[in-house]
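S.K.: Pasting in a structure now, in structure tokens, and then I'll have a few things to ask.
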Amino acid sequence: MEDEVIIGLEVHVRLLTKTKLFCSCENREVEEPNTNVCPICMGFPGTKPMLNEKAIELAALAALALNCKINKTFSFSRKVYFYPDLPKNFQITQYDAPIGIEGELMLLKAGRKIRIRRVHVEEDPARLVHVGGDITSASYALVDYNRSGMPLIEIVTEPDLKTPAEAREAVATLALVLGHIGVCDPSAESAIRVDANISLAGGKRVEIKNITGFANVEKALLFEIARQKQLRAMHIEIEQETRHFDEIKKTTSSLRTKESEEDYGYIFEPDLLTYHITDSMISSLAPALEELPSKRISRLISKYQIPENYARIIIYEGKNFADFFEHTADIFEDRIMLAKWSVGDLLKCLNYNRIDVSQAKITPQSYAEFLSMIKSGEITERLGKELIKEFVATGADPRRLAERYKNENFENLDLTQVIEATIKENPKAVEDYRKGNQKALQFLIGKVLEKTNNTADPKKIRDMLNARVAQ
Ligand SMILES: [Zn+2]
């Protein structure tokens, strides 16, 4: 019998605030190590944390989006452990009263809901940079405290996930939901980090730490299931342990054994007051909840009159892409054309360059200009499909791009000569066309277009071909 697989996730999400959780340092990645720090996030003796209210708002928003019950009164705890990433030797987190409990998340592909156990707020520890290898093989480690004190929420699911693919879908869905309502920016590096707990039915639980990337969540779990099944087949007991996922080798390796929540000391955080979430704060979050993916899909359909499948793709690409679409729709009237190009060639080029639309140098203005050039017939659709590649990759002015392309190519070439050459090279197609075969005409038009690098007007080619072949 196949062993049943049981998976639960702890997803750490960096909140989109301006400043860190307990100090006024900026909440953004800074390249130069240890420059975005202050005595509070460095944990100097005598410093006291000041709670960032925006982080609480975003955490409450996330909890509401996940249909959690909200703990309107909560406090913070110190999770005590000794590790170089933690300057105070404790992490400020929420233990007995998390901000949200008992929520749920709908997985569309899996076709069912999974339960969310809790959503709580905590500070990020510092970042360890392992030199000369990964965490298991490096000769030494450097500590960068820039990340120390950045605001996170940790979302803990019940062990309801049954396959690595479902776990991947759960993380991707969380990223989508939290991205659209402005809780986090999933396109930012390490904005979402996952610890995955996995066991085979009746076996001990293994935790894989710190996985980034949706695909890696699936790969790490696939490897771990295979490893555990192999041990079981050899009648070797699976140890309860924490493992590390190697992104390059796609394998996991042991970090430490028999660690559990009881190994940490939790004590009340006396430097922070008990906090109350007011009803007015909750009602102020209502507009953001209108941006949940399902609601935003409906809005896109009714506001721009675009087909549902386009609206779905646009929303499922994430907030940045949907925002880009809407900003372009404000200035470009043909929304169907806009939607079609966006989910087609634009997306294809972004994926090819492996960039988010926010990282591409194109703007809603330049994209709208590019589309109007096609709509007005200034450039052909086929040339548009060529130009968009460079347009997305470089962000160059589309009008200049088209001019340069035409100059470099066949604008000045005599179309009559190109047609003569094409007829000469394809006698069979010409013969077929003379017999009335329309496909042969299409074929010939295609050949001529190819020779002009898609710069010539297909209608003009058709007319000229017709006249020439009829002779
Ligand atoms: Zn600071």
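Quick note: the coordinates plus some simple rules give every number you see, no bench work behind them. Quick caveat, the model's predicted, so the values are computed rather than measured. In this analysis, Cβ positions are derived from the backbone assuming ideal geometry, glycine residues included, and neighbour counts consider all displayed protein chains.
S.K.: Find the relative contact order for segment 5-280 and round it to a whole percent, using C-alpha pairs within less than 8 Å whose residues are 6+ positions apart. Each step should come with its number before you reach the end.
M.R.: On the way: 612 pairs, mean separation 66.9, N = 276.
Across segment 5-280, relative contact order equals 24 percent.
S.K.: Moving on. Once whole DSSP H runs in the chain are found, which of them have Cα atoms spread over 27 Å or more along the helix axis and a mean Kyte-Doolittle score of at least -0.5?
M.R.: Values: long enough: 214-233 (29 Å, -0.07).
Span-like helices, by this rule, are 214-233.
S.K.: Under the rule a/c < 1.5 gives rounded, and otherwise a/b versus b/c splits prolate from oblate, where does segment 292-408 land using the Cα gyration tensor? Please report the intermediate quantities before stating the final value.
M.R.: Numbers: a/c = 2.26, a/b = 1.62, b/c = 1.40.
Prolate.
S.K.: So, in nm, how far is label R434 from label S372 when the simple model puts each one 7 Å beyond its Cα toward the Cβ?
M.R.: With each label placed 7 Å out from Cα toward Cβ, I get 4.8 nm.
S.K.: Could you tell me the ratio Rg/Rh of segment 415-469? Both radii from Cα atoms, Rh via Kirkwood. Show your work: numbers first, answer last.
M.R.: Details: Rg = 9.9 Å, Rh = 10.8 Å.
Radius of gyration relative to Kirkwood radius: 0.92.
S.K.: While we're looking at this one, here's another question. Largest first and in whole Å, what are the equivalent-ellipsoid semi-axes of segment 173-324 based on the Cα gyration tensor, each being the root of 5 times an eigenvalue? Kindly include the intermediate steps, with their values, before the conclusion.
M.R.: Working: eigenvalues 289, 127, 33 Å².
Each semi-axis is √(5λ); the values are 38, 25, 13 Å.
S.K.: Given N residues in the chain, what is Rg(Cα) / (2.2 N^0.38 Å)?
M.R.: On the way: Rg = 28.4 Å, N = 471, 2.2 N^0.38 = 22.8 Å.
Ratio of Rg to 2.2 N^0.38 Å for the chain: 1.25.
S.K.: Of all trypsin sites (Lys or Arg not before Pro) in segment 330-393, which ones are in loop regions per DSSP and have a Cβ with at most 10 other Cβ atoms within 10 Å? Before the final figure, lay out each step's value.
M.R.: Values: sites: R335, K340, K348, R354, K361, K375, R382, K385, K389; in loops: R354, K361.
Those that pass, being in a loop and sparsely packed, are R354.
S.K.: Give, as ranges by residue number, the residues of segment 195-222 whose backbone N falls under 16 Å from the point 7 Å along Cα→Cβ of A165.
M.R.: The answer is 215-222.
S.K.: While we're looking at this one, here's another question. Quick check on segment 69-159: take the gyration tensor over C-alpha atoms, sort the square-rooted eigenvalues as a ≥ b ≥ c, and tell me if it's rounded (a/c under 1.5), prolate or oblate.
M.R.: On the way: a/c = 3.23, a/b = 1.54, b/c = 2.10.
It is oblate, given that a/c is not under 1.5 and a/b is not larger than b/c.
S.K.: Another one. Taking 0.36 nm per residue of sequence separation and subtracting the Cα-Cα distance, how much length would be gained by fully extending the chain between N426 and K303, in nm to one decimal? Show your work: numbers first, answer last.
M.R.: Details: separation 123, 0.36 × 123 = 44.28 nm, distance 4.95 nm.
Length gained, N426 through K303: 39.3 nm.
S.K.: If you only keep lysine pairs separated by 8 or more in sequence, or across chains, how many in segment 415-469 come under 16 Å at the Cα atoms?
M.R.: 10
S.K.: Separate question: Taking a ≥ b ≥ c as the square roots of the Cα gyration tensor eigenvalues, with a/c under 1.5 meaning rounded and otherwise prolate when a/b beats b/c, else oblate, which class fits segment 93-143? Walk me through the intermediate numbers first.
M.R.: On the way: a/c = 4.97, a/b = 1.84, b/c = 2.71.
Judged from the Cα gyration tensor, segment 93-143 comes out oblate (a/c at least 1.5, b/c at or above a/b).
S.K.: Another question, if that's okay. Return the calculated 222 nm mean residue ellipticity for the chain, to the nearest 500 deg cm²/dmol, obtained by summing -39500 (n - 2.57) across DSSP H runs with n ≥ 4 and dividing by the residue count. Can you show the working numbers first?
M.R.: Details: 17 runs with 187 residues, N = 471.
Helices in the chain give a 222 nm mean residue ellipticity of -12000 deg cm²/dmol.
S.K.: Ok, one more. Once the Cα atoms of segment 5-280 are picked out, what are the Rg and Dmax in Å?
M.R.: 18.5, 59
S.K.: Related question: Could you tell me the relative contact order of segment 415-469? Use alpha-carbon pairs under 8 Å, at least six residues apart, and round to a whole percent.
M.R.: 37 percent
S.K.: So for S280, S298, S75, fewest C-beta neighbours within 10 Å to most, what's the order? It would help to have the intermediate numbers written out before the result.
M.R.: Working: S280 7, S298 13, S75 16.
Sorted ascending by nearby Cβ count, the order is S280, S298, S75.
S.K.: Here's something else I'd like to know. What does the net charge come to around R147 if you take all other residues with beta carbon closer than 10 Å to its beta carbon, with K and R at +1 and D and E at -1? Please report the intermediate quantities before stating the final value.
M.R.: Values: positive: R14, K20, R127; negative: E29, D85, E123, D124, D144.
Computed value for this residue: -2.
S.K.: Take the alpha-carbon centre of segment 20-36, take the same for segment 357-380, and report the distance between them in whole Å.
M.R.: First find each Cα centre; the distance between them is then 37 Å.
S.K.: Here's another thing I want to ask about it. First measure r as the distance between the Cβ atoms of E31 and K54, then evaluate 1/(1 + (r/R0)^6) with R0 = 25 Å and state the FRET efficiency to the nearest 0.05.
M.R.: Details: r = 24 Å, r/R0 = 0.98.
Computed FRET efficiency for E31 and K54 comes out at 0.55.
S.K.: Follow-up. Kindly provide the GluC sites (Glu not before Pro) of segment 288-332 that DSSP labels as loop, not H, G, I, E or B, and whose Cβ sees at most 13 other Cβ atoms within 10 Å. Spell out each step's value before the answer.
M.R.: Working: sites: E290, E291, E308, E317, E326; in loops: E290, E291, E317.
Those satisfying the criteria are E290.
S.K.: Starting from the 7 Å offset along Cα-to-Cβ, what nm value, one decimal, do you get for the label separation of E403 and D3?
M.R.: The answer from the label model is 6.7 nm.
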